[in-house]
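Worksheet for the structure shown next.
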Amino acid sequence: MKEILGDYEPKGKTLQAVGKFIAFGLDDPFHLTTITGLTLYGVGKYMEKKSTNYGLRLAYQDLEEFRRRLREAILDISSIRL
């Protein structure tokens with residue numbers, strides 16, 4: 001059943017969030033945290049691309065995101081006055 005539905009969240013998203021926090025939230029003069037954070041983010045991105053089970057949940061989320069962006073674009077276009 002999980003293969004059909006897919007994951008709630010793509011694998012690696014949590015690691016990406018931690019990497020972003022470490023890279024940009026913590027700032028030190030030696031940039032060690034920046035390198036560590038970007039490395040963690042890269043590993044999370046690789047995990048997302050390689051092993052995410054793209055099932056119905058993710059397809060539904062992508063479809064809803066597309067609908068939201070389309071609705072925003074239509075509202076922007078319709079609000080333009082010539």
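Please treat every number below as a calculation from the coordinates, not as lab data. Predicted, not measured: the structure shown is a model, and the values here were computed from it.
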Q | Under Karplus coefficients 6.51, -1.76 and 1.60, residue-wise ³J(HN,Hα) of the stretch 55-60 in Hz, glycine/proline x | A | x, 5, 4, 5, 4, 5
Q: Rounded to whole Hz and in sequence order, give me ³J(HN,Hα) for the stretch 18-23 from the Karplus expression 6.51 cos²θ - 1.76 cosθ + 1.60, θ = phi - 60°, writing x for Gly and Pro.
A: 5, x, 5, 4, 5, 5
